[in-house]
Amino acid sequence: MEETAKLIVDGKTYELPMVRGTEGERAVDISKLRDETGLITLDPGYPNTGACKSSITFMDGEQGILRYRGYPVEQLAERSTFVETAYLLINGELPSREELTRFSVLLNDHSLVHRDMLHFFDNFPRRAHPMGILSSMVNALRAFYPELPERSEEEEILVTFTRLISKIRTMAAISYKLSRGHEVIYPRPDLTYAANFLNMMFDSPVRPYEVDPDVAQALNVFWILHADHEQNCSTAAVRLVGSARVNLYAAISAGICALWGPLHGGANQAVVEMLEDIQENGGDPGPFIERAKDRQDPFRLMGFGHRVYKTYDPRAKIMKKMADRVLKKQKGSDPLLDIARRLEEVALEDPYFIDHHLYPNVDFYSGIVMRALGIPTNMFTVMFAIGRLPGWISQWKESMDDPGWRLQRPRQVYTGPNERDYIPMDKRK
Ligand code: SDX
């Protein structure tokens, strides 16, 4: 028997169908609401609104659960690689050995960028933010590579996705090298995805870079933790822009722009800048916590709070342990980690944060990890984007494959002036 929800409006009762997810979540299907009742719903920021059904990622914000295609993120972080996790997100299953080898070969074959693209990089101001460069360059890829026609062969689809996953890493490293006036370092066929990125970032003709396997492993875990997160702001942007049937590169470029925001992926850079502020002001997080609680002050405690998680972000737990591990391996300590720990301790005992269910999110410790890996602060959100790309691609693919997928175009409740006549200039005040 189909579950329904009753809506009573002006004395009339409407039965709305209910939808139940595989984890028992329930939703009221309002796709016929306006036709049947003339009503729409209003939900600014969409905290109560599901945009789609999806089989990619499951989150439980109350329990702090995150699974990619059913696999707990903790297990993938412990036992998988970013390349394997990317394959899982996009294809829905863990790859066989042959499938993983084929995917890795394609990643290597498509790791260079077209020679002409280097001219684009050359013409950005040296101080341009790498997220602005990355969104522009990903969009520019459409000028060099074909878009996926409606009914593409599996092979074409795989090459297009693999090309983008491989090149985003190369483009990020190129923007870093050129920002420092250094020679571009090209990808190598003998290095894995993460090791290749580190080498392209830090190798130099005068100081060869030796990839530390522990650092490459930390980067794998970092990217696995960022690989997807159901309908977050940037993924919603990819789906919304993609719903107009633009090419994949344009939709992904829109996702990169959304991720750049300090309330979203840009928070990882904002967290470190906040911790540096606390350090410069004597190291006491107290005044910053008081500012975060003050409604009159727009300051937010960066790296804290989440639209879905109302408990500790499971990714933040892993990131916090990784910060310790990498620091011990790299240089022993980072004063910002001590400040972050102190801030977390004070905040989690404060009634304001407890009452508002504000806990550290993925961005709170991720910047400390990236500092320990030698990544510059203004590249932190680029690192997030490289990790999130397989998630964006899988969500884009799921929406394109959905026969019921439509152009996304929300409604509104109009609160402006009622009809009025035009006023000639000489009659205006
Ligand atoms: C990411 O969606 C995803 O999945 C995102 C992400 C992913 O993987 O894609 O997880 C990645 O974006 C993580 C979030 C990174 N952003 C930050 O760390 C920025 C700081 N956090 C906040 O701006 C905020 O918590 C948000 C934006 C993350 C979520 O905010 P919501 O759900 O819109 O909640 P809200 O702003 O309406 O706040 C609800 C209440 C408010 O107080 P009241 O007016 O109700 O009394 O909580 C307060 C807020 O003032 N609040 C905070 C706070 N976050 C919320 N107060 C102080 N500091 C904070 N960080």
The range 318-429, relative contact order in percent, only Cα pairs under 8 angstrom and at least six apart counted: 26
Overall form of the range 160-279 per C-alpha gyration tensor (a/c, 1.5; a/b vs b/c): oblate
Point-charge dipole on Cβ atoms (K/R +1, D/E -1) for the chain, about Cα centre, debye to 20: 860
Subset of Lys6/Lys32; Lys53/Lys310; Lys12/Lys32 violating a 20 Å alpha-carbon distance limit: Lys53/Lys310
Relative contact order for the chain, counting Cα pairs under 8 Å that sit 6 or more residues apart, in percent: 19
Net charge of neighbours whose Cβ lies under 10 Å from the Cβ of Gly265, counting Lys and Arg as +1 and Asp and Glu as -1: 0
Within the chain, longest stretch free of exposed chymotrypsin sites (Phe, Trp or Tyr not before Pro) [DSSP loop, at most 10 other beta carbons within 10 Å]: 1-413
Viscosity 1.567 mPa s, temperature 4 °C, Stokes-Einstein D of the chain from Kirkwood C-alpha radius, µm²/s: 55
HN-Hα J in Hz across the range 413-424 - Karplus 6.51, -1.76, 1.60, θ = phi - 60°, x for Gly and Pro: 10, 7, 10, x, x, 6, 4, 8, 8, 4, 10, x
Inter-label distance for Met425 and Asn281, nm, one decimal - labels placed 7 Å from Cα along Cα-to-Cβ: 5.1
Counting all C-alpha pairs of the range 1-96, share separated by more than 15 Å (%): 71
Residue-wise HN-Hα coupling along the range 5-10, computed from phi with Karplus coefficients 6.51, -1.76, 1.60 (Hz; x: Gly, Pro): 10, 9, 10, 10, 10, 6
Cut-off under 5 Å, modelled amide H: who pairs with Tyr14 long-range: Leu7, Ile8, Val9
Length released on extending from Ala5 to Arg127, taking residue separation times 0.36 nm less the Cα-Cα span: 38.4 nm
Whole-number accessible area per residue in Å² for the chain, which is evaluated in the context of all protein chains at 1.4 Å: 53
Using alpha-carbon coordinates, inclination of helix 213-226 to the longest axis of the chain, degrees: 10
In order through the range 261-278: 3J(HN,Hα) via Karplus (6.51 cos²θ - 1.76 cosθ + 1.60), integer Hz, x for Gly, Pro: x, x, 7, 10, x, x, 5, 5, 6, 5, 4, 5, 5, 5, 5, 5, 4, 4
Alpha-carbon radius of gyration plus Dmax, which is the widest Cα pair, for the range 287-429 in Å: 22.8, 75
Degrees separating the helix 314-330 axis from the principal Cα axis of the chain, which is the longest one: 10
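The values are calculated or read from the model by the stated rules, or taken from the named source; none is laboratory data. Computed from a predicted model, the values in this text were never measured in an experiment. In this analysis, Cβ positions are derived from the backbone assuming ideal geometry, glycine residues included, and neighbour counts consider all displayed protein chains. These accessible areas exclude ligands, DNA and RNA; they are computed on the full protein's heavy atoms, side chains included. Shrake-Rupley method; radii C 1.70, N 1.55, O 1.52, S 1.80 Å.
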